[in-house]
Amino acid sequence: MLQKIASTIGQVVGSALGVVGIRVGTEEPPHTSRRLTGAVEIRRYRPRIAAQTVVDADEEEARQEGFRRLARYIFGGNGGKKRVAMTAPVSQSPAGSQKIAMTAPVSSTPGSDGWVVRFFMPAEWTMDTLPEPDDDRVTLTEVPAETVAVLRFSGGRGRGDVQPQIAALTEALRAEGIEMLGEPMTWFYDPPWTLAPLRRNEVVVAVPDGS
């Protein structure tokens, strides 16, 4: 009885926090991590699957449109009418800066070929079990294991907010003698209505294994 009450309370609290934009129990891709500096973390991610879409628009519009397309897919807009749990982060990167099949979950300059927006799929799903998207602009891709450097920040998500964080990450890696493999990306963990000081945002770039 007490367990049932505790579970109910947990659900109510989780729902309430979700309304104000605070994440509760959202799955993230499995990884290990270590601290490189006070601000920068090195993470090693296992192979994972992402649903992604390419949007030819400016950065903010691309993020919003990409989110809508991918949200429709996980909420049942697929061949099996199946719901797929929402995970974090949502990834955005310029389409022209990397090979989509090789990238990881915003570069310092806009992509001339649009933006790639990604949702990472829960670990329980495989390429064989995930339903096919109804929208041919949404595709599923296997993301290989990789090592990334991450700098976390709160606040806004616009170019003026992100650019200083990319510069800080770049300088930290340069000081440590670590090569950046490709362009930085931006990962977002919270819904748009989350208060800016409570948001978890990250700038992320692939680095050599063993960094």
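The values are calculated or read from the model by the stated rules, or taken from the named source; none is laboratory data. Being a predicted model, the structure only gives us computed values, none of them experimental. A quick note on method: Cβ atoms are made from the backbone with ideal geometry, for glycine too, and the neighbour counts reach across all protein chains shown. Just so you know, the surface numbers come from the protein's heavy atoms only, side chains and all, with ligands and any DNA or RNA stripped out. Shrake-Rupley method; radii C 1.70, N 1.55, O 1.52, S 1.80 Å.
Which residues, counting only those in the range 68-92, are among the small types (Gly, Ala, Ser) and within 15 Å of the chain's Cα centre (by Cα)?
Scanning the range 68-92 gives Ala71, Ala85, Ala88, Ser91.
Could you list, in sequence order, all residues of the range 42-62 that are open to solvent by 30 Å² or more (accessible area, probe 1.4 Å), of a type outside the set (Lys, Arg) and more than 16 Å from Ser93 (Cβ to Cβ)?
Of everything in the range 42-62, just one residue is open to solvent by 30 Å² or more (accessible area, probe 1.4 Å), of a type outside the set (Lys, Arg) and more than 16 Å from Ser93 (Cβ to Cβ), namely Pro47.
Looking only at the range 84-107, count how many residues are at pLDDT 90 or above and in a loop (DSSP other than H, G, I, E, B).
The number of residues fulfilling the criteria is 5.
Consider only pairs whose beta carbons are under 8 Å apart and that are at least six residues apart or on different chains; among these, list those whose first residue lies in the range 178-193 and is within 10 Å of Val207 (Cα to Cα) and whose second residue is acidic (Asp, Glu) and open to solvent by less than 60 Å² (accessible area, probe 1.4 Å).
Matching pairs, first to second residue: none at all.
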